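Down below is the structure, laid out as structure tokens.
The values are calculated or read from the model by the stated rules, or taken from the named source; none is laboratory data. Because the structure is a prediction, the values reported are computed rather than measured. All Cβ positions, even for glycine, are placed from backbone atoms using ideal geometry, and neighbour counts span all protein chains on display. Protein only, heavy atoms only, side chains kept; ligands, DNA and RNA dropped before computing areas. Shrake-Rupley method; radii C 1.70, N 1.55, O 1.52, S 1.80 Å.
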Amino acid sequence: GLRSWVGTGQTTHLMIGNAMIEISKSADIWTLKINRPEKANSVTEAMLVELTQAVEDANGTAKVLILTGEGKVFSAGADLDAAKAGLAVSPIWERLSAAIAGFSGLSIAALNGTVAGGSMGMVLACDIRICVPNAKFFYPVMKLGFLPQPSDPNRLKALIGPARAKLILMAGQKITADEALAWGLIDRIVTREELVEAANSLAADVLSATPSHIHGIKSLID
């Protein structure tokens, strides 16, 4: 597709057609922002490929990876037309979540709003999740007739337990931020105005550490 690059200092924007993935590099923090608010930040295959490549490039280079979105929705999952064309069952989702899970530093999902469908995978793969108060979480694979990506159910179960994982994946329940916090699906609720600052604050100790120390502690936990 059509690509255009606009670089300003340490911020690089990559546009693919009408969709955008914004990559910001500041010191040892790489921030990846889904910037397609007019389509509820739904993602195309090209967007997922660019996200995946950025995460793979960040591994071993950045100490902190932050995922966020523009507007009031983090991501509504697959673009509807792309989903009908096969994106809903594409292996690129699994490649992206594996890249995030394998990131050697600290990965933070700074959720500016609701997370739906396949986009839950990249969020579940992060080390820490924070969100704004009105965010909701749902993954309607039962209703839509798709299987979730292979690693998503296990990551979901590890966070919230098997019964609550079934509430989301089988009963199709839409979970509020307050419920998500109580269940352990997210780790903190912050205001929209504080979201970026909160994510950067969580990264402070990691930024002051050596890569080997960061990896050593993460390896002991994982």
(message) How charged is the neighbourhood of A40? Take every other residue with its Cβ under 11 Å from the Cβ of A40, and add Lys/Arg as +1 and Asp/Glu as -1.
(response) 0
(message) Could you report the accessible area of R164 in Å², rounded to 10, computed with a 1.4 Å probe on the protein chains as they sit in the structure?
(response) 90 Å²
(request) Among Q173, V206, L195, flag the residue with its Cα farthest along the positive direction of the charge dipole of region 133-216, charges on Cβ as +1 for Lys/Arg and -1 for Asp/Glu. (result) Q173
(message) Let me make sure I get this right: for region 87-160, a, b and c are the square roots of the gyration tensor eigenvalues over alpha carbons, sorted descending. Under 1.5 in a/c it's rounded, otherwise prolate if a/b > b/c, else oblate. Which is it?
(response) oblate
(request) Just the number, please: carbon plus sulfur as a percent of the accessible area of region 44-166, 1.4 Å probe, no ligands or DNA/RNA counted. (result) 59 percent
(request) Evaluate the charge dipole of the chain about its Cα centre and quote only its size in Debye, nearest 20, assuming +1 on the Cβ of each Lys and Arg and -1 on the Cβ of each Asp and Glu. (result) 520 debye
(message) Rounded, prolate or oblate, given the Cα gyration tensor of region 30-126, with a/c below 1.5 counting as rounded?
(response) oblate
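Whole number please: convex hull volume per residue of the Cα set in region 163-222, in Å³?
116 Å³
Between E38 and K143, what FRET efficiency comes out of the Förster formula 1/(1 + (r/R0)^6) with R0 = 22 Å and r the beta carbon distance, rounded to 0.05?
So the FRET efficiency works out to roughly 0.35.
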(request) Beyond 25 Å, what share of the Cα-Cα pairs of the chain is found? Please give it as a whole percent. (result) 35 percent
(request) Provide the solvent-accessible area of S208, counting protein heavy atoms only and rolling a 1.4 Å probe, rounded to the nearest 10 Å². (result) 100 Å²
(message) Multiplying the sequence separation of A163 and K218 by 0.36 nm and subtracting their Cα-Cα distance, what value in nm do you get?
(response) 17.0 nm
